[in-house]
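All remarks here apply to the structure that follows.
The values are calculated or read from the model by the stated rules, or taken from the named source; none is laboratory data. Note that the structure is predicted; figures quoted are calculated from it, not measured. Because the Cβ atoms are built from the backbone with ideal geometry, glycine has one as well, and the counts that use them run over all protein chains shown. For the accessible areas, the whole protein counts, side chains as well, though only heavy atoms, and no ligand, DNA or RNA atoms are used. Shrake-Rupley method; radii C 1.70, N 1.55, O 1.52, S 1.80 Å.
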Amino acid sequence: MQQEIMDAFVKGVSAWITSVFQTAAKKGLLILLLVGACIGETFAIVHLLREADTSRHEFKMELKAELSDVRNEYRTELAACNKAREELSIRVAALSAEVAVLKNRKR
C-alpha cells in the first residue's frame, strides 16, 4: 500500500515538473521565474519553520533549567526549615523538662 502511494506521488511530481517545463516553453521565461520564486519561498518557509522549532526547543530547555533551579532552591529552603523545626522541638523539650524540674522543686 505504501509503495503504491509513493509510486503515485513520484508520478504526480514528475507530471507536474513536465507540465511546468512544457508551459514554460510555450509561455516563456516568466512562468519559469514564477515557479522558481514559489519554490524558493517554499524553502524559505521550511527554513523559518525549522528555525522556529529550534528556538522553541531552546526556550523549553531554558524553562526546564529554570524550573530545576527553583525546585533545588525550594528543597534547600525546606531542608533549612526542617532543621530549624527540629532544633526548636529540641529546645521546647529541654525547656519543658526544666519547667517540670522547677515545678517539682516548688512542691
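Relative to the longest principal axis of the Cα atoms of the chain, the long axis of helix 2-27 makes an angle of roughly 50 degrees.
Farthest towards the positive end of the charge dipole of the chain, among the residues His47, Gly12, Ala97, is the Cα of Ala97, using unit charges on the Cβ of Lys, Arg, Asp and Glu.
For segment 66-107, what is the charge dipole size about the Cα centre, in debye to the nearest 20, if Lys and Arg each add +1 at the Cβ and Asp and Glu each add -1 at the Cβ? Display every interim value, and only then the final one.
Values: 9 positive and 7 negative charges, 144 e Å.
Computed charge dipole of segment 66-107: roughly 700 debye.
What segment 1-59 shows is 89 Å² of accessible area per residue, with the surface traced by a 1.4 Å probe over protein heavy atoms. What a 1.4 Å probe finds exposed on segment 55-106 is 59% carbon and sulfur by accessible area, rounded to a whole percent. Using R0 = 35 Å, the C-beta based FRET efficiency linking Glu87 and Lys64 works out to 0.50.
Its Cα centre serving as origin, the chain has a Cβ charge dipole (Lys and Arg +1, Asp and Glu -1) of approximately 900 debye.
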